[in-house]
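Enquirer: Here it is: the structure, laid out below.
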Amino acid sequence: MKILLLGATGNSGQRLLQLGLERGHDLTVFVRDKAKLIEQIGDAVSKLTLVVGDVYDASALATAMQGQEVVINAAGNVNDGDSFVHLIDVVATQVERVMGKSGRLWVFAGAALLDIPGTALMGTDLPKIPTQFQRHKENYRRLQASSLDWSMLCPGPMIPADNGRARTDLRLSADVWPFASPGITRLLPRVGLLVLFGRNIGAMTISYEDAAAVIMNNLDPKGQFSRKRVGIALPPGVRGKKKLDF
């Protein structure tokens with residue numbers, strides 16, 4: 001499959017690039033720093049189509065998107081502030097313009113963007129959720145307003161895998177928390193939902209390798225996660241090492 005990967009030198013981007021190469025995809029990578037990419041992957045750069053430029057440059061993005069089947073954005077993050085919202089808008093706009101209304105696009109978001117099962121609430125509606133996560137909601141609304149075949153990966157904190165490989169026993173969900181049943185959540189006040197969310201951050205602490213595998217396993221158009229937010233959790237009873245403090 002012909003894939004354009006944005007942000008290939010970051011933590012998530014490196015894993016996406018490695019997995020894409022392992023699976024034999026036709027990869028075009030768009031990076032700001034060619035030397036950094038070569039330092040990371042060495043001679044493997046010869047297996048790629050390399051585009052060097054500014055990811056906010058709409059014209060350069062449009063050129064790189066010509067002939068692609070999927071665009072994966074691993075550039076930027078919610079802590080970049082309003083520039084992250086601008087980035088997603090620029091990328092989505094160029095996918096619409098170049099690849100058409102059904103252009104396939106994967107972007108990263110966060111677990112707070114997921115709906116709380118059994119309620120009319122989203123994680124971002126809970127008290128004490130950091131305000132920067134509202135930017136994920138802005139990006140979500142931007143994609144909802146489009147006709148693109150988008151998917152948003154919504155993990156908790158991410159860490160490197162101990163063995164460098166993705167798990168095969170993850171719990172995945174579409175649009176809702178991957179760890180709670182409506183029978184429990186519909187009975188809880190917002191503070192109780194926040195406590196439940198906090199207690200399950202460990203379960204949603206996945207590896208960068210896990211994130212890359214979920215995306216690479218779901219590249220096809222109109223798949224199970226088309227126009228969906230994707231929740232991810234470790235198997236029941238398993239917790240990641242990193243914690244989130246409210």
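Enquirer: Consider segment 140-160. How many of its residues are over 15 Å from Gln94 (Cα atoms) and open to solvent by less than 20 Å² (accessible area, probe 1.4 Å)?
Expert: The number of residues fulfilling the criteria is 6.
Enquirer: Just to be sure before I move on: is Val52 hydrophobic (A, V, I, L, M, F, W, C), open to solvent by 60 Å² or more (accessible area, probe 1.4 Å) and either at positive phi or in contact (Cβ under 8 Å) with a residue 12 or more places away in the chain (or both) in the structure I sent?
Expert: Yes; evaluated as a whole, the condition is true for this residue.
Enquirer: Considering Asp26, Asp43, Asp82, which residue is of a type outside the set (Gly, Ala, Ser), within 22 Å of Glu209 (Cα to Cα), in contact (Cβ under 8 Å) with a residue 12 or more places away in the chain and open to solvent by 70 Å² or more (accessible area, probe 1.4 Å)?
Expert: That would be Asp26, the only listed residue that is of a type outside the set (Gly, Ala, Ser), within 22 Å of Glu209 (Cα to Cα), in contact (Cβ under 8 Å) with a residue 12 or more places away in the chain and open to solvent by 70 Å² or more (accessible area, probe 1.4 Å).
Enquirer: Hey, another quick one. Is segment 108-119 home to any residue that is on the phi > 0 side of the Ramachandran plot and either surrounded by fewer than 16 Cβ atoms within 10 Å (Cβ to Cβ) or without any contact (Cβ under 8 Å) to a residue 12 or more places away in the chain (or both)?
Expert: no
Enquirer: In segment 214-234, is there at least one residue being more than 15 Å from the chain's Cα centre (by Cα), open to solvent by 80 Å² or more (accessible area, probe 1.4 Å) and either under 23 Å from Phe133 (Cβ atoms) or of a type in the set (Val, Ile, Thr) (or both)?
Expert: Within segment 214-234, not a single residue is more than 15 Å from the chain's Cα centre (by Cα), open to solvent by 80 Å² or more (accessible area, probe 1.4 Å) and either under 23 Å from Phe133 (Cβ atoms) or of a type in the set (Val, Ile, Thr) (or both).
The values are calculated or read from the model by the stated rules, or taken from the named source; none is laboratory data. Please read these numbers as outputs of a predicted model, since none were measured by experiment. Neighbour counts run over all protein chains shown; Cβ positions are idealised from the backbone, glycine included. To get the accessible areas, we keep the full protein, side chains included, count just its heavy atoms, and leave off ligands, DNA and RNA. Shrake-Rupley method; radii C 1.70, N 1.55, O 1.52, S 1.80 Å.
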